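Derivation of every value follows stated rules applied to the coordinates shown; laboratory data play no part. Keep in mind that this is a model prediction, so the values were computed, not measured. Cβ sites come from the backbone with ideal geometry, for glycine too, and all protein chains shown count toward neighbours.
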């Protein structure tokens, strides 16, 4: 699922669509459901993205189907004129009965608005909104004051969302992206949202967690008694070194995991750039379900026999077969993550392939074709970087025979406000409260690096893992030294100088 942004909502109307939807050109993208103006002329691409995140994160109808016509017309682009609001708070104030906004002195002429703000449409000083239907909006207006239309926008401040450098307040952003289910509630004490049947109890399910989505579903929470004492050591817990409780489900991962893997029995492949939290998201799912988290990391040197098993010999037993790491896990109720499977040798992927399809069987050829049956509560997730990106050295394109046996979910970078929240939480674990100004500098540098990476000017990607590392280092080093320690001293001088320019531009520091 794409990130929470108006750009990914069915009701998003481009600037060119505004004439058809609203009857006039507004000069900006619009919400075809609520009539919001979603940006302003001249705003940078990053500014537009942040504004789109802002509206989506606070919209109760984000993702809903586009209606045939807007339900409301609320295109506020500036803060209302304070003087007007003070005047209309007078109980003796009586608005004029006007039939069009163009007969009101609070209406700023469209040519003036276009010249001073960029929008080619009239504007109400009292409400701060664009006027797309002057006859309709004048009816019953409690601010109306007859007179010549205004010829200035002086005193009107562009609303915060449309200012360069705007960031969504963390409390709003996190409240929105964690609102699906109660995904942050402690799993060891979570009170069930559905009846735990006698059969559920026998199988080891302690509770069910409601997960809202296209169709409401339930995630299982397992009893610790289901596992051996050794297996319990691999269940992620709140406050342990990996801090699964800090994960923010900004891409609706829990819903896809429950529908695709728990209910339909599919293997879910999480694909995204390094450092966006694919593996940590899988660990978080294991924390929510209170399951052992088993991680298999692959590269070109990973030994197939270590993973699948091998023949051995002893005088007492003779020749026998020893299961490898995969069959030992596959036969138990665990959450398995195949990390960077597209780096593994083809022999390993071929052996795993039947475990991803409907048969769910792992065949050990070296053990006379022994079949290892999947445990009912064995869930598999693949986490990998895309092979089509030249920066992911060694990643191999999977064959159709592999991809068509799994479902795929793209994991993007989170909205900036959510990334800020995650960084702050990690710094708080160090007892460090990162100054907002310093965090803003880091986010600007990170945005510049990501843009340079996309254009091929630097040979690496820049995910959350890197921003967190730099942020934690800034409690002991200035920004330049923090970046050097995090990555720059690893790269050759030309690459380092490119990033150093971004740091100087954002901070004013000199190396």
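Considering only DSSP beta bridges with both partners in the chain, what is the antiparallel share in %, to the nearest 5?
On the way: 25 of 45 bridges.
Percent antiparallel among DSSP bridges in the chain is about 55.
I'd like to compare 349-360, 220-231: which one has the highest average count of other Cβ atoms within 10 Å, and what's the full order after that? Present the calculation step by step, with values, prior to reporting the outcome.
Numbers: 349-360: 17.4, 220-231: 14.7.
Put in order of decreasing packing, that is 349-360, 220-231.
Explain nothing, just the number: relative contact order of the range 1-150, from Cα pairs under 8 Å at least 6 residues apart, as a whole percent. Intermediate results must be reported in sequence, preceding the final value.
On the way: 274 pairs, mean separation 35.0, N = 150.
Relative contact order of the range 1-150: 23 percent.
If you restrict to DSSP beta bridges whose two residues both lie in the range 174-410, what percentage is antiparallel, to the nearest 5? Don't skip to the answer; put the middle values down first.
On the way: 16 of 35 bridges.
Here the share of antiparallel DSSP bridges comes out near 45 percent.
Percent relative contact order of the chain, based on C-alpha pairs within less than 8 angstrom and at least six residues apart? Could you put the intermediate results ahead of the total?
On the way: 902 pairs, mean separation 59.5, N = 511.
Here the relative contact order equals 12 percent.
Would you work out if the range 82-161 is rounded, prolate or oblate? Take a ≥ b ≥ c from the square roots of the eigenvalues of the alpha-carbon gyration tensor; rounded if a/c is under 1.5, else prolate when a/b is larger than b/c, oblate otherwise.
Values: a/c = 1.92, a/b = 1.32, b/c = 1.46.
Note, shape of the range 82-161 comes out oblate.
Kindly put 257, 22 in sequence by how many other C-beta atoms sit within 10 Å of each C-beta, fewest to most.
On the way: 257 28, 22 21.
With the fewest neighbours first, 257, 22 line up as 22, 257.
As a footprinting exposure proxy, order 375, 243, 421 by other Cβ within 10 Å, with the fewest listed first. Walk me through the numbers on the way to the answer.
Details: 375 14, 243 18, 421 23.
So the ranking, lowest neighbour count to highest, is 375, 243, 421.
How far is helix 278-289 tilted off the main Cα axis of the chain, in degrees rounded to 10, range 0 to 90?
With rounding to tens, the tilt is 80 degrees.
Rounded to the nearest 0.05, what FRET efficiency is calculated for residue 15 and residue 314 with R0 set to 51 Å and r the Cβ-Cβ distance? Don't skip to the end; give the middle numbers.
On the way: r = 75 Å, r/R0 = 1.47.
E between residue 15 and residue 314, to the nearest 0.05, is 0.10.
Give the order of 18, 437, 453 when sorted by the count of other beta carbons within 10 angstrom, beginning with the fewest.
Going from least to most buried by this count: 437, 453, 18.
Pairwise over distinct Cα atoms, reciprocal of the mean inverse distance: report the Kirkwood radius of the range 174-410 in Å, one decimal place.
Working: mean 1/r = 0.0533 Å⁻¹.
Computed over Cα pairs of the range 174-410, the Kirkwood hydrodynamic radius comes out at 18.8 Å.
Would you work out the relative contact order for the range 82-161, in percent, from Cα pairs under 8 angstrom that are 6 or more residues apart? Present the calculation step by step, with values, prior to reporting the outcome.
On the way: 124 pairs, mean separation 30.1, N = 80.
Once divided by the residue count of the range 82-161, the mean separation gives 38 percent.
By the gyration tensor of its Cα atoms, with a ≥ b ≥ c the square roots of the eigenvalues, what is the shape of the range 252-377: rounded for a/c under 1.5, prolate for a/b over b/c, or oblate? Before the final figure, lay out each step's value.
On the way: a/c = 2.11, a/b = 1.69, b/c = 1.24.
Prolate.
For the range 370-511, place one equal point scatterer on every Cα, skip the solvent, and apply the Debye formula. What is log10 of I(q)/I(0) at q = 0.12, 0.13 Å⁻¹?
Reported log10 I(q)/I(0), two decimals: -0.62, -0.69.
Would you work out the Kirkwood radius for the chain? I mean one over the mean of 1/r across all pairs of different Cα atoms, in Å.
26.4 Å is the Kirkwood radius here.
Let me know the shape class of the range 3-147, please: from the alpha-carbon gyration tensor, a ≥ b ≥ c as square roots of the eigenvalues, rounded when a/c is under 1.5, otherwise prolate if a/b is greater than b/c, or oblate. Mind dumping the intermediate values first?
On the way: a/c = 1.84, a/b = 1.77, b/c = 1.04.
Because a/c hits 1.5 or more and a/b exceeds b/c, the range 3-147 counts as prolate.
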